[in-house]
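Step one of this worksheet: look at the structure below.
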Amino acid sequence: LIDTTAALTSDVFGSTRGLLNILYERDCRRSYTPPNHWLIRDVKPSVFMAELEKGKKPAVFLMQRLPHIIPFSERVKLFRRHVNKEKEAMGFTESACTSPQSTLISVHRSRIVEDGYRQLAQLPTKSMKGLIRVKFINEQGLDEAGIDQDGVFKEFLEETISRVFDPSLNLFKVTSEQKLYPSSTSYIQENHLSLFEFVGKMLGKAVYEGIVVEVPFAPFFLTQMLGHQQSATYSSLDELPSLDPELAKNLSYVKHYDGDVDDLGLTFSLDEDIMGRVETHELVPGGKAIP
């Protein structure tokens, strides 16, 4: 049994949980444990999930603070059950073709992102969670056959996500390992912040509907989205290799350099190639002149 009230105010629990999470996150970056090492062994997942469904405090407490002790597949099932209950509560139980609460959009094949953004970006949250029907218009300007919730919408969603994450659109870039992260020059798109919000809504809709999409985010970006901040137990430098392995290697070299650092000819500045133009950024005031 877990005294959740005492645990929340216990320094020992807080420190132990913090250490456990550090070890787990390091294992996620570079595995050093056998498969299923972090899963709870004393309780069957089915029993734990049943307790969670009943709202038992110990189960809820563990799920909120140590979710990795439960198999990912079980957590997905739990999420799907919550989504289905929410849909029932909102009345989204009719078929896509008959529901009066469905949203119909028309999308030209050559303007999937533009048309989708125009019609869905400002859609209220409840409507976004509801049924969205898609009517495709072909290259000849004619309506394509088929309007439904599953097949056509799934195709629209997959095509939209594929195009918005294409580096050529410059909303996202890829690392040397082909992992995605937001582009620092996305501002060349006049409405880039609104586009990012639209991308987030499309990903959220995919998760909500159980549609699997291939979006390989860079680990450092995922960590930022999870809200990790610089602290005594977390350093963003740990994530640097997933952004720029060469920079991480060079910093490690400087850190462990036994000679005179002045011999390396370094300053507190960096050069960045921005759309073919090199810009120098000073890491501290006057950094270009500080060896």
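Distant-in-sequence amide contacts of Val107, defined by a placed amide H-H separation under 5 Å and a gap of 5 or more residues or a different chain, comprise Lys135, Phe136, Ile137. For the chain, the antiparallel share of DSSP beta bridges with both residues in that region comes to about 60%.
Along the axis of the charge dipole computed for segment 210-291 (Cβ charges of +1 for Lys and Arg, -1 for Asp and Glu, origin at the Cα centre), the listed residues Pro285, His228, Leu266 are led at the positive end by His228. Among the listed pairs Lys57/Lys129; Lys87/Lys126; Lys154/Lys205; Lys44/Lys85; Lys54/Lys129; Lys173/Lys288, those whose Cα-Cα separation exceeds 18 Å are Lys57/Lys129; Lys44/Lys85; Lys54/Lys129; Lys173/Lys288.
In deg cm²/dmol and to the nearest 500, what is the mean residue ellipticity at 222 nm of the chain if only DSSP H runs of at least 4 residues count, each as -39500 (n - 2.57), divided by the residue total?
Numbers: 12 runs with 129 residues, N = 291.
Per the formula, -13500 deg cm²/dmol.
Here segment 101-142 was treated as a single set of alpha-carbon atoms; its pair distances binned every 5 Å from 0 give 6, 24, 31, 21, 11, 6, 2 percent. In the chain, excluding the sites themselves, the longest stretch lacking any of the GluC sites (Glu not before Pro) that are in a DSSP loop with at most 14 other Cβ atoms within 10 Å is 1-93.
I need the shape label for segment 230-289. Rule: rounded when a/c is under 1.5, else prolate if a/b > b/c, else oblate, with a, b, c from the alpha carbon gyration tensor. Provide the component values of the computation, followed by the final result.
Details: a/c = 1.59, a/b = 1.13, b/c = 1.40.
Here segment 230-289 falls in the oblate category.
Between segment 218-291 and segment 126-203, the C-alpha centres lie 32 angstrom from each other. Amide H contacts of Ile132: Thr103, each under 5 Å away and 5 or more positions distant or on a separate chain (H built 1.01 Å from N in the peptide plane; Pro and chain starts excluded). Counting only the Cα atoms, segment 103-217 fills a convex hull of 106 Å³ per residue.
Do you know the relative contact order of the chain, to the nearest whole percent, from alpha carbon pairs under 8 angstrom that are 6+ apart? Numbers along the way, then the final one.
Values: 259 pairs, mean separation 30.0, N = 291.
Computed value for the chain: 10 percent relative contact order.
In a simple Cβ point-charge model (Lys, Arg +1; Asp, Glu -1; nothing else charged), segment 4-90 has a dipole of about 180 debye relative to its Cα centre.
No value in this document is a laboratory result; all are computed from the given coordinates. None of these values were measured; they are calculated from a predicted model. Glycine also receives a Cβ, built like all others from the backbone with ideal geometry; neighbour counts cover every protein chain displayed.
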